[in-house]
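First comes the structure, then the notes that go with it.
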Amino acid sequence: MNDEEQFAESLRTQVTRVAPRIDVDVTRVVPAARRRRAARAGGLTLALALALGGGAWVASTLELGTVLPGGSTTMPVEPSPSPTGPPLTSSAGDSLTELPSYPSMEPVVPPEGWRDATYFHVVTRGATGQTGGGSEPEAPLGSTLGSESWYGDGISFELTASGPALVVLGDYINIEGHTRSYTWAEMAALPTDPEALHDALLGNYDDVDAPSSYGLEQLRDVAARLATQAPASPELRAAAWEVLTNLDDVEVEEDVRDSEDRPGTAATYQYADDDRMRTVIYDETRNLPLETQDTKHGTDIYLTTEFTDLPDEIADSVIEIPDLVSMTREDVEVVCLQKHLACTFTEEKAETAPEGTVVSSDPAKNALVAWGEPVTIVLSAGS
């Protein structure tokens, strides 16, 4: 047995001792975008793959214990496998995009208790054959594309064809081209009386007593967003719909049908700078959005807009960095192998930490990352 095989066997023995079996449903927890990111970081790691024939570890890429610039060394990481089986669909059965709309390119530090927090669950379907303001359809007739997201305060997820993905949305009402966004806390502070809400929203853009066309356009869009995709309470949503439908330049039509043949009321308005039109169809009886038709951006059909718990399979799609400080390198190697992290070790002098123990990690504890994420571990070199 050569040195590489001895090292791999040692690691496997440690993992078996700590966690005899590790089961991960990789078909649902490894988004394609994250696999690409892990691959980019792969130049600093040593990939390990389980040989299908004999079940032995196979080493590749870098030599074991390779010293990198600056004196750091790498440890093995099991490569991220490709999903098998058909692509995932939304809970409504629609096909999903391969990549998330707003992928998180950096680790996310979630708020405490993020797993048990309340999330705004939105499922939409894109209508087909929309003109998008031009003469040609944006999508072939008969095709559909769904979207399913869980918006949380400080952390959000989007379901893709390869599995759940962390997404970064920043503030939760961010209208295209507009200068004002609203966080969860700011939305919670908005009044639910329609008249007071009208003044609060308009006051962010313009003089309430003498509004300009710009301010009124912002007001329309924010009210429409609050009534549809924003994580607004039912009371705030109802107030926003009343604000929208009582604006002078909004045409209201009752007893209409959306693309799913659901009855509702339509609010239509035009943008001042072009021929773009937007129509929001709303079920006033159930206080629920049904559809948004936009001649520039196509049509979104709202199938689910509700506050709910975060499903376990979505929460389990990310890896939470544990507290590694004060651990020995040997123990950290086991943790990294268990959690499929690409750990790189370096040393620095530290008077307060025993030699050979962890001083810090980057990302730090509690950060959420994906399979194969590079993690830098700083070990104490003594004083």
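Please treat every number below as a calculation from the coordinates, not as lab data. Nothing here was measured: the structure is a model prediction, and the numbers come from that model. No Cβ is skipped: glycine too gets one built from the backbone with ideal geometry, and neighbour counts run over all protein chains shown.
Points to keep in mind about this one:
Conditions (1) out of contact with any strand residue (DSSP E or B) (no Cβ under 6 Å at 6 or more places or on another chain); (2) β-branched (Val, Ile, Thr), marked per residue:
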{"site": "Ser326", "(1), (2)": "no, no"}
{"site": "Glu330", "(1), (2)": "yes, no"}
{"site": "Lys339", "(1), (2)": "no, no"}
{"site": "Glu351", "(1), (2)": "yes, no"}
{"site": "Lys365", "(1), (2)": "yes, no"}
{"site": "Gly372", "(1), (2)": "no, no"}
{"site": "Thr376", "(1), (2)": "no, yes"}
{"site": "Gly382", "(1), (2)": "yes, no"}
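- Entry remark, the range 80-127: residues being polar (S, T, N, Q) and touching a Pro at 6+ places or on another chain (Cβ under 6 Å) number 0 in total.
- One residue from Thr292, Thr305, Thr245, Thr285 being more than 26 Å from Thr89 (Cα to Cα), buried (at least 19 other Cβ atoms within 10 Å of the Cβ) and either in contact with a Cys (Cβ under 9 Å, 6 or more places away or on another chain) or among the hydroxyl-bearing types (Ser, Thr, Tyr) (or both): Thr245
- Of all residue pairs spaced 6 or more apart or on separate chains, those with beta-carbon atoms under 6 Å, a first member in the range 187-208 that is without any contact (Cβ under 8 Å) to a residue 12 or more places away in the chain and a second member that is among the acidic types (Asp, Glu) and in a helix (DSSP H, G or I) are Val208/Asp199.
- The set of residues from the range 325-383 being acidic (Asp, Glu), assigned to a strand (DSSP E or B) and out of contact with any Leu (no Cβ under 9 Å at 6 or more places or on another chain) comprises just one member, Asp362.
- Any hit, the range 300-313, residues being assigned to a loop (DSSP other than H, G, I, E, B) and farther than 26 Å from Leu166 by Cβ: no
- Count of the range 359-377 residues which are surrounded by fewer than 21 Cβ atoms within 10 Å (Cβ to Cβ) and in contact with a Ser or Thr (Cβ under 7 Å, 6 or more places away or on another chain): 3
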